[in-house]
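Bear in mind that the values in this text are calculations on the coordinates, not laboratory data. Keep in mind that this is a model prediction, so the values were computed, not measured. Cβ coordinates were reconstructed from backbone atoms using ideal geometry, including for glycine residues, and neighbour counts include every protein chain displayed.
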Amino acid sequence: MVERLIVGPMDTNCYIYSNGKKECVIIDPGADEERIISSVNMLKMVPVGIVLTHGHFDHTGALGTLREHYRREKIDVQVAVHAADRKFLGRTARKANLDALSSLGASETQEFQDQFAGLPEPDLILAEGDKVFSSGLVVLETPGHTRGGICLYSEKDCLLFSGDTLFFMGIGRCDLPGGSEKMLLESIRAKLLTLPPETRVFPGHGLDTTIEREIKGNPFIR
């Protein structure tokens, strides 16, 4: 089960994913925590964790308030991020996020910066091959958009949450601190294009796609 919510001023895709149990994981809660909570309740799910495909604030903005809400409900929801992007959370969050947003201009920076202090420290540090909570998702390290960018793959359900690594007919931007077009393209070719062509891809922004469609038509990776 995949439920998509488009959240925040950058139209980030937040996903609620379950592999058939009553438990779910929340992926990239960028904003609009009340909508996320409402959707989880409507689905009659209990979240066991929040997974970040990378540390940029448009994917993490609701993180603190979400975790506090579930703590008040006596539900232990842990936060998972790759080691290389843990700097975007906790005590180093403000500096790391301001550095990342500085190239976007003053208005975007001001919109987010007052909320950086609410981003908690991560509970779980992810690496290649890790199984994410009880979701059936496995971590694929795909640096390039950020140093700690990851994708989440389910072989059983033949689906991929690609974060800001791979989009429908596009790829993630590489001009923010820690970005590298060379690394991003290497990640996509080595880790993603080798997946079964029928794999459904759920990106961090925009429409879902398939590996086959991107191999055939994506102008950045052909």
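Note on the stretch 128-148: among residues that are in contact with a helix residue (DSSP H, G or I) (Cβ under 7 Å, 6 or more places away or on another chain) and polar (S, T, N, Q), the one that is surrounded by the most Cβ atoms within 10 Å (Cβ to Cβ) is Thr146. If you go through the stretch 169-182 one residue at a time, do you hit one that is crowded, with 17+ Cβ neighbours inside 10 Å and more than 25 Å from Gly61 (Cβ to Cβ)? No, the stretch 169-182 contains no residue that is crowded, with 17+ Cβ neighbours inside 10 Å and more than 25 Å from Gly61 (Cβ to Cβ).
If the condition is being free of Cβ contacts under 8 Å to residues at least 24 places away in the same chain and farther than 17 Å from Leu207 by Cα, then the stretch 1-54 contributes Gly20, Glu34, Ser38, Asn41, Met42, Lys44. Restricting the stretch 114-158 to residues that are part of a strand (DSSP E or B) and charged (D, E, K, R), which is nearest to the chain's Cα centre (by Cα)? Only one residue tops the list, namely Glu141.
For (1) assigned to a loop (DSSP other than H, G, I, E, B); (2) without any contact (Cβ under 8 Å) to a residue 24 or more places away in the chain, each residue gets a yes or a no:
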residue	(1), (2)
Leu160	no, no
Pro177	yes, no
Leu185	no, no
Thr194	yes, yes
Phe202	no, no
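When the residues of the stretch 12-45 are filtered to those that are of a type in the set (D, E, K, R) and either part of a helix (DSSP H, G or I) or within 11 Å of the chain's Cα centre (by Cα) (or both), the one that is nearest to Lys131 (Cα to Cα) is Asp28.
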